[in-house]
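Read-outs: derived from the displayed coordinates by stated rules, not from any lab. Source: prediction; values computed, not measured. Here the Cβ is made from the backbone with ideal geometry for all residues, glycine too, and neighbour counts use every protein chain on show.
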């Protein structure tokens, strides 16, 4: 890339999250400052409408027409910018051509995918090319998986300061959260279920906690996976499976691998939802487990999957209202256990709906960090938020995006 016109292009700006992200960028960074950015998508009419909705501050916002299936348009778009943010999903259906174009041209890229099978495929196909061109590719820059990935990074940084070494065991528990569900997320979940139902090899890969780690990184430690109601003595509460755990744990393990096993060669990590204490907590954990199991089964069977898509799940472009996004929040609790039994408790909180209001801000700050905060010598390749951004994005998230990273207890 030589003197591109833009610093950042938001591709898929008229998607549900794309609109939230665009509003965040216009409110936080405007157009007359140091950040040159534009919106892009396949529908000129929708882009013009979005620009109008953003109001007077967006009067000079540039529009770029590019279709996810048009290689020439994608290449032309990538040539105009240092970084592309993609909100066009499901990524397994629509995301590969843009990743390919970025890797070919050395354009940096970030997204909010949680589709671990697609991430693995992109790494296998394009990592060598990204390293050669200098393109830094960073998946999972939304609620999955920045709070988990940077939450573990933050805890381990604190452990190094307080204990003199990383914690070989870390757990994340969702203490509380309030948020909505969008059509884009629903479409991605359904697509993963479709692919897994038709491909035994994919089902095996999805069960591998190290599936997106470099091939030479294969610890022998068996990773715990909360699959049903469990009592967790470290939190003195019942737990249930966390739907985002399947992607978050994989990203955290890749972060450990890319940081040369900074968390330990045999590092263990798992995630779950806290449901309370006593009989009530156990009943809630069983109910959550049954609900998740029912959804997964329904997603795999063709007739019930059709019924879910037709009558239950939101359509692409639909999602929580602005009021619901503002009223949303999340509170994630982490515990790290040192090799000699010491405990470190930390938390990560966010001030908006996790999947949308907060994700839009996290994605925007990830793009800013990717574009402006890294040393020019930072190599290309497929990174994770923690392994590439580290403390730099924590500073941005706390300053601009309503997240807080805090130490609660050390003993």
Q) Highest GNM mean-square fluctuation, the chain, Cα pairs closer than 10 Å: which of 361, 178, 310? A) 310
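Assuming a ≥ b ≥ c are the square roots of the Cα gyration tensor eigenvalues, decide whether region 152-281 counts as rounded (a/c under 1.5), prolate (otherwise, with a/b larger than b/c) or oblate. Working shown, then result.
Values: a/c = 1.82, a/b = 1.10, b/c = 1.65.
It comes out oblate by the Cα gyration axes.
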Q. Most mobile of 251, 335, 138 per a Gaussian network model of the chain (Cα springs, under 10 Å)?
A. 335
**Q.** C-alpha long axis of helix 391-400 to longest principal axis of the chain, angle in °
**A.** 70
Q.
Compute the angle between helix 146-163 and the longest alpha-carbon principal axis of the chain, please, reported from 0 to 90 degrees and rounded to the nearest 10.
A. 50
Q. Points 7 angstrom from Cα along the Cβ direction at residue 312 and residue 400: gap in nanometres?
A. 3.9
Q | Counting DSSP beta bridges with both ends in the chain, the antiparallel % (nearest 5) | A | 50
Q: Taking Cα extents along the principal axes in Å as the quantity of interest, determine which of [x] 57, 51, 41; [y] 72, 53, 43; [z] 86, 40, 37 was computed from the displayed structure.
A: [x]
Q. Separation between the residue 208 and residue 351 pseudo-spin-labels, each 7 Å from Cα along Cα→Cβ, expressed in nm?
A. 4.2
Q.
Given axes a ≥ b ≥ c from the Cα gyration tensor, I'd like to know whether region 65-190 is rounded (a/c under 1.5), prolate (a/b larger than b/c) or oblate.
A. oblate
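Taking neighbour Cβ counts within 10 Å as the exposure measure, how do 289, 384 sort from fewest upward? Please report the intermediate quantities before stating the final value.
Numbers: 289 20, 384 28.
Final ranking by Cβ density, sparse to dense: 289, 384.
Give me 174, 226, 88 sorted ascending by neighbouring Cβ count inside 10 Å, so fewest comes first. Walk me through the numbers before you get to the answer.
Values: 174 23, 226 20, 88 26.
Ordered by Cβ neighbours within 10 Å, fewest first: 226, 174, 88.
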Q: Specify the angular offset, from 0 to 90 degrees and rounded to the nearest 10, of the alpha carbon long axis of helix 44-53 from the longest principal axis of the alpha carbons in the chain.
A: 70
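Just order 339-345, 75-81 by mean Cβ neighbour count inside 10 Å, highest at the front, would you?
Numbers: 339-345: 13.7, 75-81: 20.6.
Highest to lowest by the protection proxy: 75-81, 339-345.
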Q. Between 363, 258, 112, which gets the highest mean-square fluctuation from a Gaussian network model of the chain, Cα cutoff 10 Å?
A. 258
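For a quick check: sort 188, 220 by the number of other beta carbons within 10 angstrom, fewest at the front. Mind showing how you got there, number by number?
Values: 188 22, 220 6.
Ranked by crowding around the Cβ, least crowded first: 220, 188.
At R0 = 30 Å, how high is the FRET efficiency between residue 376 and residue 69 if r is their beta carbon distance? Nearest 0.05 is fine. Don't skip to the answer; put the middle values down first.
Working: r = 33 Å, r/R0 = 1.11.
Using R0 = 30 Å, I get an efficiency of 0.35.
Below 8 Å, C-alpha to C-alpha, sequence gap of six or more: please give me the relative contact order for the chain in percent.
Working: 841 pairs, mean separation 87.2, N = 411.
Answer for the chain is 21 percent.
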Q) Based on the alpha-carbon gyration tensor of region 269-411 and its eigenvalue square roots a ≥ b ≥ c, which shape applies: rounded if a/c is under 1.5, prolate if not and a/b is larger than b/c, or oblate? A) oblate
Q. What distance in nm separates the simple spin-label points at residue 321 and residue 128, each placed 7 Å from Cα in the Cβ direction?
A. 5.4
